[in-house]
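The next block holds one structure in the form of structure tokens; read it before the comments.
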Amino acid sequence: MAKTDPVTREIIQNALAAAADEMSLSLYRTSYSTIVRDCLDYSTSLCNGKGEMIAQGVTIPTHIGSVPSAMTTLFATFGDNMLEGDIFVMNDPFDGGMHIPDIFIVKPVFLKGERVSFAVATAHHLDLGGRLPGSSACDNTEIYQDGFRIPWIKLYDRGQMNETFFKLFRANIRVPHMTVGDVRAQVAACHTGERAIVELIERYGLETFRAVTTDLINYTERLMREEIAAWPDGTYSFTDYMDSDGCGGPPVKLQVAITVAGDSLTADFTGTSEQTRGALNCTVGFVTAVVALCVRSVMQESVPNNAGIFRPLTVIAPQGTVVNAVMPAASSMRGVTGFRLLDAIFGALAQFLPTRVFAAGEGGNSLVVIGGKYPDRRQYVYFECMTGTWGARPDRDGNDGLCNVCNIISNIPIEQAELDYPIRINRYGLVRDSGGAGKFRGGLAVERDWTLLKGTASLTIRSDRRDYPPYGLFGGGFGTPSNSILQNGDNVKILPTMVSTQIEENETIYHRQAGGGGYGNAFERLPASVAWDVKNDKVSLSAAREQYGVVIKPTSLEIDLEATEALRSGAELATT
């Protein structure tokens, strides 16, 4: 049996990571749609011959964390009935998937007739049919409305394309040229991963490859357990709420209890709301991915991204709740639940790791989906992932306009959006005074608006954090709440945070995300930092005075030291 050593393990680990990144680049370069090519809503990974993840690309962490669940159901369906040239496809949330827009493509890798690995590519697709354009409506009430549902089947059988599948697929989606093009891009990414794995094995030998990848997973598990063992034992609970159930119903409770016991950690979601009427429901695999992401984020050691991350973790998600939905629950907008689970888990982790956790961010990327027809009656789907902002951190301000930690995606460039779709973007920027006050300020909210130039279109918005704005930590203030407005001339209509409606020609939709929460007492913020924020239009003169106790001279924008000292001293006396 081959023996491993740290040097060889490190070399192969980096080779695997590079291969997964090369897969990502291949998918990016060959994709068709804006949701993949511009928003970067996709991921890539590699697994060993048993389906255990051994590497991931620098892509969306909640996609990657869901691979173990997908591989488990793939093996349950096909067992060892996998042949050279086979490629498998699936998007069914109840067969190992996440939500219908996310399609998994998996290619077994063979060498000399023996299965040695798997290449996996996952992408969020622009449209997969269903009730509304974009296949992503918060007010869908059952999975059949979400879109075209695919259990595990063969996309290619021993190298031969499954023509029947592609015929059915094209017949059920609104923009088949883009969606099929993105599926082919995923296949190309898997081919790239296959080539890299074969080259790696040919260089080091199959026995060494298997021994090292097994050791790599065990090594990751050891690092995880050593880190968790250093944390104080105990149970730490936190509760947060989403604004509604996706259909205008009541708030959705997200409750978690994090228990640290020795070198293991349990996340118990008992007490969380029952599965929702709307499409906010999650699968256990997706929830497990969020738990792993949160734990991974607060670790001090650099940990390889593979199956070893999950071994010290236990997730308790009662069946029939929003974190473990059962048929026929809709789940097309489950992403917002994942974002908010991250806030709840971080809220619990902050109680025993206060110097490693930041305040709540914007509540997740807002989605704005506009679907209609061009003048020649061709259908279009404009899918915008509005990237947001972070809460303040223990030692610095929150990031402004940076994607939520759950995702690694981008917005569509304005020029590209206006070139491809009948829309005009009038405004895009940061919102002054929107970050929660604190010793360290929360990140500023992002605002953007769109005018529909021609026709009538479907409009879907997924956002959150209006009724329950982002929390601050250890004395930090709340971030400002989100808002959505539909405007036609002087007619202004405030929309719910989650809504499916229509937009008419020359109407404008304005959306402002929530600002990040603050960290620490705002009166402990350095006056120079407040002055810098004022000069850069991040904080107003009045907010500097009222929230931070810093008086800025309106003409020179310099600090009035005497007035500031008096104001802060007075405030301190008033609170003692």
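The values are calculated or read from the model by the stated rules, or taken from the named source; none is laboratory data. A quick note: this is a predicted structure, and the numbers were derived from the prediction, not measured. Virtual Cβ from ideal backbone geometry, glycine too; neighbours counted across all protein chains shown. Areas reflect the complete protein model, heavy atoms only, side chains present, ligands, DNA and RNA absent. Shrake-Rupley method; radii C 1.70, N 1.55, O 1.52, S 1.80 Å.
Quick rundown of the values:
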{"quantity": "Sole residue being open to solvent by less than 40 Å² (accessible area, probe 1.4 Å), among the small types (Gly, Ala, Ser) and at pLDDT 95 or above, chosen from GLY570, GLY515", "calculated": "GLY515"}
{"quantity": "Selected residue (criterion: nearest to ILE409 (Cα to Cα)) from residues of region 18-33 that are surrounded by 23 or more Cβ atoms within 10 Å (Cβ to Cβ) and of a type outside the set (Gly, Ala, Ser)", "calculated": "LEU27"}
{"quantity": "Enumeration of residues in region 487-510 that are of a type in the set (S, T, N, Q), assigned to a loop (DSSP other than H, G, I, E, B) and surrounded by fewer than 18 Cβ atoms within 10 Å (Cβ to Cβ)", "calculated": "ASN506"}
{"quantity": "Pairs where the first residue, in region 445-471, is over 19 Å from ALA279 (Cα atoms) and among the β-branched types (Val, Ile, Thr) and the second is open to solvent by less than 20 Å² (accessible area, probe 1.4 Å) and part of a loop (DSSP other than H, G, I, E, B), C-beta under 6 Å, 6+ apart", "calculated": "VAL446/GLY388; VAL446/GLN513"}
{"quantity": "Given (1) farther than 22 Å from LEU486 by Cα; (2) modelled with pLDDT of 95 or more; (3) of a type outside the set (Lys, Arg), number of the condition ILE425 does not satisfy", "calculated": "(1)"}
{"quantity": "Cβ-Cβ under 7 Å pairs, at least 6 apart or on other chains, region 526-541 side farther than 17 Å from GLY398 by Cα, far side hydroxyl-bearing (Ser, Thr, Tyr)", "calculated": "PRO527/THR564"}
{"quantity": "Subset of region 471-485 [within 15 Å of GLU447 (Cβ to Cβ) and buried (at least 18 other Cβ atoms within 10 Å of the Cβ)]", "calculated": "GLY479, THR480, PRO481, SER482, ASN483, SER484"}
{"quantity": "One residue from SER136, SER117 being in a loop (DSSP other than H, G, I, E, B) and either open to solvent by less than 30 Å² (accessible area, probe 1.4 Å) or without any contact (Cβ under 8 Å) to a residue 12 or more places away in the chain (or both)", "calculated": "SER136"}
{"quantity": "Members of region 21-66 found to be assigned to a loop (DSSP other than H, G, I, E, B), over 13 Å from ASN305 (Cβ atoms) and either free of Cβ contacts under 8 Å to residues at least 24 places away in the same chain or in contact with a strand residue (DSSP E or B) (Cβ under 7 Å, 6 or more places away or on another chain) (or both), listed by number", "calculated": "CYS39, ASP41, GLY49, LYS50, GLY51"}
{"quantity": "Sole residue being at pLDDT below 95 and either open to solvent by 10 Å² or more (accessible area, probe 1.4 Å) or touching a helix residue (DSSP H, G or I) at 6+ places or on another chain (Cβ under 7 Å) (or both), chosen from ALA76, ALA15, ALA2", "calculated": "ALA2"}
{"quantity": "Considering residues of region 189-213 that are small (Gly, Ala, Ser) and crowded, with 17+ Cβ neighbours inside 10 Å only, the residue farthest from PHE118 (Cα to Cα)", "calculated": "ALA211"}
{"quantity": "Breaking point among (1) out of contact with any Cys (no Cβ under 7 Å at 6 or more places or on another chain); (2) open to solvent by 30 Å² or more (accessible area, probe 1.4 Å); (3) at negative phi, for LEU126", "calculated": "(2)"}
{"quantity": "Top-ranked residue of region 504-536 - restricted to ones that are basic (Lys, Arg) and out of contact with any helix residue (DSSP H, G or I) (no Cβ under 9 Å at 6 or more places or on another chain), ranked as farthest from GLY549 (Cα to Cα)", "calculated": "ARG512"}
{"quantity": "Segments classed as strands (runs of 3 or more DSSP E), wholly inside region 275-388, with at least 1 members that are acidic (Asp, Glu) and under 21 Å from GLY147 (Cβ atoms)", "calculated": "379-386"}
{"quantity": "Filter pass, PRO101 being crowded, with 24+ Cβ neighbours inside 10 Å, over 28 Å from ALA196 (Cβ atoms) and touching a residue at least 40 places away in the same chain (Cβ under 8 Å)", "calculated": "no"}
{"quantity": "Contacts under 7 angstrom Cβ, first residue in region 152-163 being open to solvent by less than 60 Å² (accessible area, probe 1.4 Å), partner of a type in the set (Val, Ile, Thr) and part of a helix (DSSP H, G or I), 6 or more apart", "calculated": "TRP152/THR73; TRP152/THR77"}
{"quantity": "Checking CYS403 against (1) farther than 16 Å from ARG465 by Cβ; (2) modelled with pLDDT under 90; (3) under 22 Å from the mean Cα position of the chain (by Cα); (4) open to solvent by 10 Å² or more (accessible area, probe 1.4 Å), the condition it does not meet", "calculated": "(1)"}
{"quantity": "Residue in region 67-75 that is in a strand (DSSP E or B) and under 17 Å from MET23 (Cβ atoms) present", "calculated": "no"}
{"quantity": "Evaluation of ASP395 against (1) touching a residue at least 60 places away in the same chain (Cβ under 8 Å); (2) out of contact with any Cys (no Cβ under 8 Å at 6 or more places or on another chain); (3) surrounded by fewer than 17 Cβ atoms within 10 Å (Cβ to Cβ) (one fails), failing number", "calculated": "(1)"}
{"quantity": "Enumeration of residues in region 545-567 that are over 33 Å from the mean Cα position of the chain (by Cα) and in a helix (DSSP H, G or I)", "calculated": "ARG545, GLU546, LEU561, GLU562, ALA563, THR564, GLU565, ALA566, LEU567"}
{"quantity": "Residue list for region 389-418, filter: in a loop (DSSP other than H, G, I, E, B) and aliphatic (A, V, I, L, M)", "calculated": "ALA392, LEU402, VAL405, ILE408, ILE409, ILE412"}
{"quantity": "Residue in region 364-391 that is surrounded by the most Cβ atoms within 10 Å (Cβ to Cβ), counting only those that are in contact with a Gly (Cβ under 6 Å, 6 or more places away or on another chain) and β-branched (Val, Ile, Thr)", "calculated": "THR389"}
{"quantity": "Every pair of residues 6+ apart whose Cβ atoms lie under 8 Å, when the first sits in region 303-321 and is more than 21 Å from SER45 (Cα to Cα) while the second is buried (at least 18 other Cβ atoms within 10 Å of the Cβ) and aromatic (Phe, Trp, Tyr)", "calculated": "VAL315/PHE269; ILE316/PHE269; ALA317/PHE269; PRO318/PHE269; THR321/PHE269"}
{"quantity": "Unique match (being among the basic types (Lys, Arg), open to solvent by less than 30 Å² (accessible area, probe 1.4 Å) and in a loop (DSSP other than H, G, I, E, B)) among ARG432, ARG465, ARG448", "calculated": "ARG465"}
{"quantity": "Test: PRO108 is within 24 Å of PHE166 (Cα to Cα) and touching a His at 6+ places or on another chain (Cβ under 8 Å)", "calculated": "no"}
{"quantity": "Matching entry among THR214, THR220, THR239 (being outside any helix (DSSP H, G or I) and either within 17 Å of ILE309 (Cβ to Cβ) or among the hydroxyl-bearing types (Ser, Thr, Tyr) (or both))", "calculated": "THR239"}
